[in-house]
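Readers should treat all values here as calculations from the given coordinates under stated rules, not as data from a laboratory. The shown structure was predicted, so the numbers you read here are calculated from the model rather than taken from an experiment. Positions of Cβ are backbone-derived with ideal geometry, glycine not excepted, and every protein chain shown enters the neighbour counts.
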Amino acid sequence: MFRKYSFLLLPFLLLVACGPGNKPGSSAKTSTVDSTLIDVHTQSNADSVEIKHLDLDILVSMEKKQISGCALWTINNKNKQKELRLDTHDLTIDSAFVDGKKVQVTMGDFVEHLGRALNIPIADNSTQVMVCYTTGKHPRALQWLDPQQTHDKKAPFLYTQSESIYARSWLPCPDGPGIRYTYAARVTVPKGLMALMSAENPQEVNDSNVYHFKMDIPVPAYLMALAVGKVTFKKIDERTGVYAEPGMIDKVRSEFEDVGKMVSTAEQLYGPYRWGRYDVLVLPPGFPIGGMENPRLTFCTPTVIAGDRSLVSLIAHELAHSWSGNLVTNATWNDFWLNEGFTDYFERRIMEAMQGKDYADMLWELGYQDLVVNVNELGGQSKDTWLKLDLIGRDPDDGLTDIPYEKGSHFLKLIEVNVGRERFDKFLNGYFSSHAFKTITTEQFLAYLDSNLLKGDTVLKNKIGINRWVYGPGTPQNCPRADDVRFKKVDHERAQYLNGTAPAQLATKEWSTHEWLHFLRKMPSSLTAEQMKSLDGAFKFTNSGNSEIADLWFIMAVRANYTPAYAAMERFLSSVGRRKFLEPLYAEMMKTKQEDMAHKLYAQYKNNYHPLAQESLDRILELVDKKH
Ligand code: BES
Ligand code: ZN
């Protein structure tokens with residue numbers, strides 16, 4: 001899965017001229033500045049120049065596959081800086097104006113992963129900085145789809161994926177999670193298409209081809225999002241709804257029937273939902289990730305539309321980010337576990353409240369299995385298995401493993417188990433409200449934890465072993481495990497099968513997706529093609545409409561050389577762009593000496609994948625140096 005495999009991609013530190021201390025223009029930061037607060041993934045000086053608001057005016061050309069327009073920044077040059085520095089990646093700057101007057105800008109050298117700094121001269125009292133620009137040929141955030149690559153195959157589609165540092169490839173901006181601003185946007189699109197953003201959104205196609213957006217709550221650049229395509233809206237309840245291509249909208253609406261209830265369930269746990277509406281946009285199949293917590297409008301893969309609502313915990317996850325991430329934000333990408341670990345924990349609490357403990361326990365157990373496998377792959381002593389990451393000189397994508405998610409959520413679960421749920425929930429409520437719309441580092445969180453929950457109780461602190469978890473490798477011994485009541489039954493049935501019981505005789509009738517996943521995951525790695533055939537005959541895995549089950553099955557098929565599954569696997573690979581599915585599947589082909597098949601399929605379907613997915617697959621297929 002992509003979280004697991006990304007570690008393969010960039011395992012080496014490339015120390016570039018952006019570490020703390022030699023960040024361009026950061027001479028004001030002396031050794032008295034806490035280095036944990038420094039974000040090494042932005043070259044912007046927005047920590048010195050206050051950025052207040054963005055007015056964005058852009059034209060989306062589907063023909064040219066290009067966004068062009070102007071970004072007008074309202075600033076307060078309170079520290080009397082000589083220039084404003086913004087991040088860019090693969091952007092052409094057409095012109096720039098300060099308080100209405102044209103100025104000459106300069107661009108810094110290209111820095112690996114970070115792009116080029118844009119330096120705009122400003123005066124002490126400057127307030128308006130406008131940059132007009134055009135996107136390049138390979139913007140990392142954007143996927144431009146031809147009609148053929150959409151679900152309905154009727155119109156082109158564009159969408160962004162800005163997390164973690166890709167917003168800079170579609171607008172010049174201060175691109176760090178610690179810099180928040182409000183925004184308004186005017187987006188002109190081709191006739192008949194709808195534009196949507198992480199903001200107040202339209203619900204109908206507009207004849208003027210121009211859409212206006214407003215986000216009055218300050219957000220960081222990684223939460224800026226745009227989608228343009230032939231989509232339609234359906235209401236769920238007064239504050240929730242879904243957007244999707246018309247050919248999918250009914251299925252989507254029915255899959256997400258419980259989303260309204262999910263929002264109120266989340267509110268009962270950790271306080272009011274502060275963003276107004278909560279809508280979900282289901283994207284075409286090339287979307288590279290499962291979901292993205294764009295404020296007010298979660299972006300999500302169509303691979304969660306299983307027909308039986310069995311994969312909706314993904315929506316619980318993205319919704320939970322409305323608290324952990326969007327409300328309280330990791331200060332730097334080294335603190336990524338504060339976004340994702342909290343969100344995984346919160347996701348499972350929502351699912352427990354809605355579906356019961358047995359159900360949530362399955363999610364915990366599958367997560368634990370992911371953690372163990374991932375620690376093993378990264379190497380038990382690897383620093384990449386610490387919760388606090390060290391991403392200097394690297395792409396933040398390197399930190400996108402299961403560690404921040406699973407080690408992070410299990411750490412929180414351990415604290416919960418030790419202090420009791422009631423106290424922990426009270427603490428979390430306080431955490432969200434006291435840090436609302438702020439950023440936080442790991443160190444600040446640990447200090448807050450100490451003063452508000454653990455209160456210097458050394459016995460308790462030793463029992464938890466905070467440092468072992470946060471600044472130490474692997475899965476600590478006291479990692480909590482769920483009571484896997486439902487999985488024990490699955491283990492029993494699997495053992496029966498391996499002892500010779502015919503698959504059709506197994507008691508699988510009530511199983512959910514999670515049980516099936518556990519059933520398959522724990523099969524011996526050396527199943528024969530004959531065994532695969534018998535399982536397939538009884539359970540029809542090759543033709544499963546469930547993307548999680550299908551993906552796992554295809555990986556097993558590649559491993560066992562079970563060729564009857566290959567045609568269905570090719571169909572899957574031809575449209576699905578979710579990295580979590582693609583990466584292990586292509587990796588398995590490479591591992592099992594089926595490179596030719598991998599290369600042939602990839603060459604054929606590569607264009608259906610998002611640029612970020614292509615980047616990682618290029619490395620897995622050894623088409624580029626693994627270090628880059
Ligand atoms: N915020 C993440 C996605 C992300 C993280 C994109 C970092 C780029 C960089 C999102 O909330 C997420 O975690 N998505 C998961 C699904 C979730 C259920 C674990 C995914 O896409 O697999
Ligand atoms: Zn997440």
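Residue pairs exceeding 19 angstrom between C-alpha atoms, taken from LYS357/LYS413; LYS251/LYS509; LYS407/LYS463; LYS191/LYS606; LYS489/LYS580; LYS65/LYS580: LYS251/LYS509; LYS191/LYS606; LYS489/LYS580; LYS65/LYS580. Between the residues GLY291, GLY260, TYR273, the greatest Cα displacement towards the positive end of the dipole of the range 231-322, with unit charges on the Cβ of Lys, Arg, Asp and Glu, is found for TYR273. Its Cα gyration tensor gives the range 231-322 an equivalent ellipsoid, and the semi-axes of that ellipsoid, as √(5λ) in whole Å with the largest first, are 20, 13, 12. Between helix 611-620 and the chain there is an angle of about 50 degrees, using the helix long axis and the longest principal axis of the Cα atoms.
If the only charges are +1 at each Lys and Arg Cβ and -1 at each Asp and Glu Cβ, what is the size of the charge dipole of the chain around the Cα centre, to the nearest 20 debye?
200
Computed from point charges on the beta carbon alone (+1 for Lys and Arg, -1 for Asp and Glu), the dipole magnitude for the range 150-296 about its Cα centre is near 320 Debye. Taking every DSSP helix (H) stretch of at least 4 residues in the chain, weighting each as -39,500 (n - 2.57) and dividing the sum by the residue count yields a mean residue ellipticity at 222 nm of -10500 deg cm²/dmol. For the range 327-470, the Kirkwood estimate of the hydrodynamic radius, built from every pair of different alpha carbons, is 15.8 Å.
A cut-off of 5 Å between modelled amide H atoms, ignoring neighbours fewer than 5 places along the same chain, links THR439 with THR329.
Extension gain for LYS606 to ASP207 (0.36 nm times residue separation, less C-alpha to C-alpha distance): 140.2 nm.
Other residues within the sphere of radius under 11 Å centred on the Cβ of TYR609, judged by their own Cβ, net out at 0 (K and R +1, D and E -1).
DSSP beta bridges fully contained in the chain are about 75 percent antiparallel. Positive-end ranking of TRP323, MET362, THR92 along the dipole of the chain, with charges on Cβ about the Cα centre, is headed by THR92. Projected onto their three principal axes, the Cα atoms of the chain cover extents of 80, 63, 51 Å, largest first.
When you work out D = kT/(6 pi eta Rh) for the range 536-628 at 37 °C and 0.692 mPa s, using the Kirkwood radius from C-alpha pairs as Rh and the Stokes-Einstein form, the result is 247 µm²/s.
Can you tell me the dipole magnitude for the range 443-490 around its Cα centre, using point charges on the Cβ only (Lys, Arg +1; Asp, Glu -1), in Debye to the nearest 20?
Dipole size: approximately 320 debye.
All other residues whose Cβ lies under 9 angstrom from that of PHE299 are scored, Lys and Arg at +1 and Asp and Glu at -1, for a net of -2.
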